[in-house]
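Before any comments, here is the structure.
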Amino acid sequence: MSTFSILLPLYQREDLEVCFERVIKSCFNGEMLPETVLIVIDGHLNKSFERKLDLASATYPISIVRAGERVGLSAVLNLGLCHINTDYVFRVDGDDFSRPLRWRLQFDMLEDGYDLVGGAIQEIEMDGTNVAIRDAPESHVAIVSRCLRRNPFNHMTVAYRTSFVRECGGYPHVFLREDWALWIRMIAKGANCRNSTEILVDATADIQMYRRRGGLKNVIAEISLQWELKKYLNKA
């Protein structure tokens with residue numbers, strides 16, 4: 001029987017602390033339950049956040065790995081992958097809430113032979129107000145086509161075959177585009193991909209995300225991603 005884990009990176013940020021309890025509850029709200037929620041902590045959490053983490057760990061099957069000083073998202077996710085012992089990994093972000101249908105739906109897709117699956121999201125404000133629905137291309141062909149110009153997956157909805165991601169070397173160190181760069185490598189290696197048309201996650205709209213996407217680092221990231229596209233996707 002195949003099993004799955006949830007991979008959840010965390011770092012000290014006020015809105016992540018506010019959302020934490022609801023995020024964890026959403027990980028255990030479906031027909032299927034994960035073997036564990038693996039939380040990887042990037043840097044240090046304040047005392048109140050640590051208390052919430054302790055309470056959740058006493059209530060749910062949670063494993064905790066600490067990266068120590070801040071190392072960034074790709075390094076944190078790769079550290080987490082080193083501690084995963086299940087067939088499949090489901091990604092969850094610290095301010096997004098998975099819907100109950102997600103676990104069974106994506107588990108069945110992976111069991112049907114897909115290596116990388118995702119779905120649509122409902123963007124919401126912190127108060128729960130709906131903002132917009134962000135879908136994703138459904139078929140493998142459409143995903144490959146989209147990958148040339150835009151990220152074809154909503155990262156917080158993704159689930160994948162653990163062994164396949166490890167064979168690809170995990171998440172590349174491409175600032176703000178580590179997920180897109182990984183999809184490129186997986187597709188080049190022959191991954192069978194699919195997106196569900198169902199809304200799988202209520203994703204908190206984050207204005208800070210758009211601010212972080214500016215500046216010189218963003219330009220460097222775009223150049224790095226174009227290199228990934230040129231190097232890998234001509235093999236797909």
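The values are calculated or read from the model by the stated rules, or taken from the named source; none is laboratory data. No experiment lies behind these values; they were computed from the predicted model shown. Reconstructed Cβ throughout: ideal geometry from the backbone, glycine too, with neighbour counts over all protein chains shown. To get the accessible areas, we keep the full protein, side chains included, count just its heavy atoms, and leave off ligands, DNA and RNA. Shrake-Rupley method; radii C 1.70, N 1.55, O 1.52, S 1.80 Å.
Return one whole number: the accessible area per residue of the chain in Å², for a 1.4 Å probe.
Working: 11000 Å² over 236 residues.
Value returned for the chain: 47 Å² of accessible area per residue.
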Between (i) 18.7, 58; (ii) 20.3, 61; (iii) 16.8, 49, which matches Rg and Dmax of the Cα atoms in Å calculated for the structure shown? (iii)
Taking the alpha-carbon distance from Lys189 and a cut-off under 12 Å, which aspartates and glutamates remain once sequence neighbours fewer than 8 residues away in the same chain are dropped? Asp115, Glu167
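With a 1.4 Å probe and all protein chains in place, put Leu101, Leu77 in order of accessible area, largest first.
Working: Leu101 60, Leu77 0 Å².
Descending accessible area places them as Leu101, Leu77.
Mean residue ellipticity at 222 nm from the helices of the chain, using -39,500 (n - 2.57) per DSSP H segment of n ≥ 4 over the full residue count, to the nearest 500 deg cm²/dmol?
Working: 9 runs with 95 residues, N = 236.
The helix contribution divided over the chain gives -12000 deg cm²/dmol.
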Quick check: net charge around Asn130, other residues with Cβ under 11 Å of its Cβ, Lys/Arg +1 and Asp/Glu -1? -4
Output ³J(HN,Hα) for region 185-193: one whole-Hz value per residue in order, computed from phi by the Karplus curve 6.51 cos²θ - 1.76 cosθ + 1.60 with θ = phi - 60°, and x for Gly and Pro. 5, 5, 4, 4, 8, x, 4, 8, 10
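Give me the percent of the accessible area of region 131-199 that comes from carbon and sulfur atoms, probe 1.4 Å, all protein chains in place.
That share works out to 49 percent.
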